[in-house]
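Peer 1: Please see the structure below; I have some questions.
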Amino acid sequence: MMQTAKVKAKDLASSAKEEMKEGSAEMQGKAGEATATTHGEKEMAKEEARAKKDQANADKHQEKAERRADAAAGRHGTGVPLTGTGTHGHHGAAGAAVDPAYPSAGTTYPASGKYM
């Protein structure tokens, strides 16, 4: 749960950073359009602003994807193993030594003649 909150906070920071970059690109584009003297220069300024906005958006998504991968990698390998050598539960570990005084069910021992 805490990991999710951290990832969300970082995503929020990435979004804010992306908004700043977009705003900066937009202002640079407007400044470029204002100083442009020809129609071609104005179009070029618009294209550059659009490209910077798209790059900021792509960077944000890349950062989010990397965080998701890091978070997923951090979750694997932790916690309770699905199989193991512990004796938690009803059955002992496979291959563990059996006390001859208390043999487990299903094993075959030679007839001792005690109850024959």
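Peer 1: Going by the structure shown, is Ala34 surrounded by 15 or more Cβ atoms within 10 Å (Cβ to Cβ), among the small types (Gly, Ala, Ser) and either modelled with pLDDT under 85 or part of a helix (DSSP H, G or I) (or both)?
Peer 2: no
Peer 1: Give all pairs with beta carbons closer than 9 Å in which a residue from region 36-47 that is without any contact (Cβ under 8 Å) to a residue 40 or more places away in the chain meets a residue that is surrounded by 10 or more Cβ atoms within 10 Å (Cβ to Cβ) and assigned to a loop (DSSP other than H, G, I, E, B); count only pairs at least 6 apart in sequence or on separate chains.
Peer 2: Partner pairs satisfying both residue conditions: Lys42/Ala36; Glu43/Ala36; Met44/Ala36; Ala45/Ala36.
The values are calculated or read from the model by the stated rules, or taken from the named source; none is laboratory data. None of these values were measured; they are calculated from a predicted model. Cβ: placed from backbone, ideal geometry, glycine included. Neighbour counts: every protein chain shown.
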